[in-house]
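Engineer: Can you read through this structure? Questions will come right after.
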């Protein structure tokens, strides 16, 4: 019964989208393709941020509302290191490492003592995000920062049908795909990855089987936070860094994981693609309501599949 | 809880009484001026520089006017109108300031203007807010604005783009709220009148960040782009336009290619060179008054920008107006500040950019500068003055009928596709 | 569905996790005592005699203090501190009710209040006559509160479909969605600008915009909200709601519908927040997207948590502290670092005193009692605790 209903909705939705797509291609083929590509590259950025968020939630049940702050702080630190060393790649590494370290400190120093107390953890992360935003404003001011990536990934690349397209955005897309596959391989084939998956399924059982759960938690938090810092530098290069980016990417992560399904990395990828593409099409075809589109998707998912598209019923 | 509450109330009443007494005692020898700018949120950098500008005006007079000490009482907002009104109310009703200078942004200005109507005993002078409606619609008798508004800032640019730059067809990218509406109106009123066409209007959400699809949609058959974005939106758009391989020349709004955008941390964008823009000031005005202003700014604020920003400038002239008028009445604020307000209205304000006077709505009539982005010998980008329009009034130098026929700027006004 | 029925089925010692420490609350004799004390009150409803027996000296003194307050305080303190704290406290109260008694931490309460505020501006009189319809104030206010209740019900329906910690995310996302909608839509919400000149009406010859009349208006509704929540938490609905909070499965097995109770709680909280929203828009005289932005969504949570989530009075205490800090932080420290102070204070409270300032008050009292050797009021302080120990956990996952 539910399956029939779900397919029914998928058919209706699919038909409408297909009709719109045909119209889009006929109307202005280049615009349609460029927008699709833009949507995918934005999705790549959203995936990088949201995958860390969902990973942490899946295992630790910690809704880390300071995830956006990790993004911003990683980006700022990456920028400083990039200025000092003159290398963009070192900046990316620094962003990752700094955020990972922050994550580690938070998990070991704060959240470990509230394990299982979801609500208090979440509120602590809210407090931390307010503090982080203000400290960042204090140190780095309200200016706008941009990175200086090596010249071979700036500029444009000519693509068939699309024409000139930003090389950096293509690199971003490739990076996200690589990170996504890497994350999948890490979870599927390494010992720690197996522990994490086991923990997502049943935390109690994992600790009962003699695994050092605290270590697994700390590693997961570090990776999740590090991904946010990594995304900070990579995203800051595509766009820019300024105060307020933290809430923006926190919101993106929230919506992406609500749509995709909490705790599922594949869900984060699917959610990111849906939201990224919807946002770009909104911006191109209905500029004033572009942002509202994403929330319509979210409300529909919540109404018909509350656990998210790839989420499991809890 | 009882004790706590009682204690709290005791403390509150005590504080209230103390403030009233203190205010009465001080009234003789000091004049309290409230200063409101955004020290939090997205405009924090602009707000800090606005504070610097206002302080500079006080420092120039050595902190005293007509033998009275000037006491600045500062407050902050986060660019939200409700916070701005709360902070203003605190300065006026709690700190008992006699003159109020602020706030910084457009919708804050309208809100504070509305509040000023309930405080006839205090004189309000604008800070940095540039919304047309503040003084054009339902003006308040005790709200003065010595800076020109967002529409005035663009007068002359439309003509310059059409006749000098020879742009006949343009596309527009602007943020979707009142300030860009005013700016676009200031530009298009002239540009359309001269015969130019604006064939495509992209109103983008404030803080949209990712403009790649907006850029993809821009028509290819235009001569130039009119870009009215501010702060990080401007930086994002400009770098993404470059990344997408865009090569159209640009015409900018007053805050599109200002200091904060030209001097953002990161690599400088050569593609911005030659971008025309307009505003109430420019970095490179070639008069001794302006050079002195810049030198004073640099000497006083080591942590400031390389040269004063737009916000430092407008706060400076508004504070200067407040002090000059105070000097003119010898510090006499008696009689509900009646004399003081007359002095403000009659003021011929000497500013670093020239003379500014007020119209019947207590709105500034002042100069506008057309600029182009140029590169200095030290590699620093700056706005080079190419033309000056000495007097611009709030009706954009149009006749009353013409201006009223057009109405206030909006998404669709003016229009010439 | 009577409270006694529920009490028989529910075992207090099984109340599960405690919000304050993640440890199960041990059943103490005082818990049991307070449970038996509150239950008959619920059954009897509000009989006058019962009501009298609940009034204590502290109630009388606080009531006298808040009534006299505008006569001893300056207009600024009456309006900006007093009235603002009452309006914000009322909105925070709706969160206290939802979180403390329903176990649902909704970040969208300011959104609900904002919806009421926008309805007042759009249907009533504002500085934007092109949009505002100029309907009579009484109709507008009724519609505003009704609209807020409806919106809250919808938000509740969307967010209670998932359980526990999801609520906070979903409500945050919905709140932000409304912010963007209000900022982008010009036809109805007047976009970034919002509405100016939304002022309370002149009724019975009194200009309710004046500091003292507005203070009393806010006070009336704050007291009404406070006593309503106090009453509701002891009424059968409130008891059942707390049952749902503590163990939804058991309640379902008993024939209660957890979803219906939760959605109903959202609706009730929506009405309270709606009244607070009407007061707030009148207080500010304007509404703009900034009034429903992320920072205000979080500020309401901060207010509720600073005060303490386990008793309705906490929201008002939190609001007073918040408003005082907001106004006078600049005189003590740089206003530029206001958010740092607020954030640190909030974090400290979350980490060390999960019951907020009320928790500190209890600790001080316990300490004082230990010194004087008193034992009578130990039970009374536990009476508070027994009403509000929210516990949030995705049921079935652990």
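Engineer: Could you tell me how far the Cα centroid of the range C:172-215 sits from the Cα centroid of the range A:205-278, in Å?
Structural biologist: Comparing the Cα centres of the range A:205-278 and the range C:172-215, I get a distance of 36 Å.
Engineer: Could you list B:162, A:249, A:71, B:115 so that the one with the fewest beta carbons within 10 Å of its beta carbon is first and the one with the most is last?
Structural biologist: With the sparsest Cβ surroundings first, the list reads B:162, B:115, A:249, A:71.
Engineer: Can I ask one more? Kindly provide the helix-only [θ] at 222 nm of chain A, computed as the sum of -39,500 (n - 2.57) over DSSP H runs of four or more divided by all residues, to the nearest 500 deg cm²/dmol?
Structural biologist: Calculated mean residue ellipticity at 222 nm is -26500 deg cm²/dmol.
Engineer: At 0.36 nm per residue, minus the direct Cα-Cα distance, what do residue B:400 and residue B:248 gain on full extension? Give it in nm, one decimal, please.
Structural biologist: 51.2 nm
Engineer: To the nearest 10 degrees, how steep is helix B:231-243 against the longest Cα principal axis of chain B, on a 0 to 90 scale?
Structural biologist: Its long axis makes an angle of about 20 degrees.
Engineer: Rounded to the nearest 0.05, what FRET efficiency do residue C:60 and residue A:312 give with R0 = 51 Å and r taken as the Cβ-Cβ distance? Could you check?
Structural biologist: 0.40
Engineer: Right, another one. Quick check: Cα centre of the range B:102-170 to Cα centre of the range B:216-262, how many Å?
Structural biologist: 24 Å
Engineer: Determine how many Å³ per residue the convex hull of the Cα atoms of the protein assembly as shown encloses.
Structural biologist: 179 Å³
Engineer: Take every residue in peptide B:171-177, count the Cβ atoms of other chains within 10 Å of its Cβ, and give the average of those counts.
Structural biologist: 2
Engineer: If I take the Cα coordinates of the range C:275-360 and project them onto the principal axes, what are the three extents in Å, biggest first?
Structural biologist: For the range C:275-360, the Cα extents along the three principal axes come out at 37, 32, 21 Å.
Engineer: At a 10 angstrom cut-off on C-beta neighbours, averaged per residue, how do the peptides B:388-400, A:89-101 rank from highest to lowest?
Structural biologist: Final packing ranking: A:89-101, B:388-400.
Engineer: Simple spin-label model, 7 Å along Cα-to-Cβ: residue B:197 to residue A:189 in nm?
Structural biologist: 5.9 nm
Engineer: Let me ask something additional. Give me Rg/Rg_expected for the range C:78-387, where Rg uses Cα atoms only and Rg_expected = 2.2 N^0.38 Å with N residues.
Structural biologist: Its radius of gyration relative to the 2.2 N^0.38 Å reference: 1.01.
Engineer: Could I ask something else about it? If you stretched the chain out fully between residue C:257 and residue C:351, how much longer would it get, using 0.36 nm times the residue separation minus the C-alpha to C-alpha distance?
Structural biologist: So the extension gain works out to 30.4 nm.
Engineer: Then there's this: Kirkwood hydrodynamic radius of chain B from all distinct Cα pairs, in Å?
Structural biologist: One over the average 1/r among Cα pairs gives 22.1 Å for chain B.
Engineer: Another question, if that's okay. How much length is gained if the chain between residue A:18 and residue A:113 is pulled fully straight, taking 0.36 nm per residue apart and subtracting their Cα-Cα distance, in nm to one decimal?
Structural biologist: Here the segment from residue A:18 to residue A:113 would lengthen by 29.1 nm.
Engineer: Enter the mean number of other protein chain beta carbons within 10 Å of the beta carbon of each residue in B:229-239, as an integer.
Structural biologist: Shielding by partners across B:229-239 averages 4.
Engineer: Sticking with this structure for a sec: In whole Å, largest first, what are the principal axis extents of the Cα atoms in the range A:30-245?
Structural biologist: Reported extents, whole Å, longest axis first: 57, 40, 31.
Engineer: Return the average number of partner chain Cβ atoms within 10 angstrom of each residue Cβ along peptide A:94-103.
Structural biologist: Average neighbour count from other chains, rounded to a whole number: 0.
Engineer: Most exposed first by the Cβ proxy, i.e. fewest other Cβ within 10 Å, how do A:250, A:187, C:358 rank?
Structural biologist: So the residues, fewest neighbours to most, are A:187, C:358, A:250.
Engineer: I've got another one for you. Nearest 0.05, what FRET efficiency do residue C:368 and residue C:230 give at R0 = 22 Å with Cβ-Cβ as r?
Structural biologist: For R0 = 22 Å, the calculated efficiency reads 0.30.
Engineer: Something else: With all pairs of different alpha carbon atoms counted, what Kirkwood hydrodynamic radius in Å does the range B:73-183 show?
Structural biologist: Mean inverse Cα-Cα distance, inverted, gives 15.2 Å.
Engineer: Run through the DSSP bridge list for chain B and note the antiparallel percent, rounded to the nearest 5.
Structural biologist: 35 percent
Engineer: Once the Cβ-Cβ distance between residue A:28 and residue C:133 is put in as r, and R0 is 41 Å, what FRET efficiency do you end up with, to the nearest 0.05?
Structural biologist: The formula returns an efficiency of 0.55 here.
Engineer: Same structure, new question: Which order do B:256, A:190 fall in if you start with the one that has the fewest other Cβ atoms within 10 Å?
Structural biologist: Fewest to most other Cβ atoms nearby, the residues stand as A:190, B:256.
Engineer: Now a separate question. Just how far, in whole angstrom, is the range A:106-130 from the range C:110-140 if you go by their alpha carbon centroids?
Structural biologist: Going from one Cα centre to the other spans 40 Å.
Where a number appears in this text, it was derived from the coordinates with a stated rule and is not lab data. Predicted model only: the values in this text are computed from it and were never measured. FYI the Cβ positions are ideal-geometry reconstructions off the backbone, even for glycines, and counts take in every protein chain you see.
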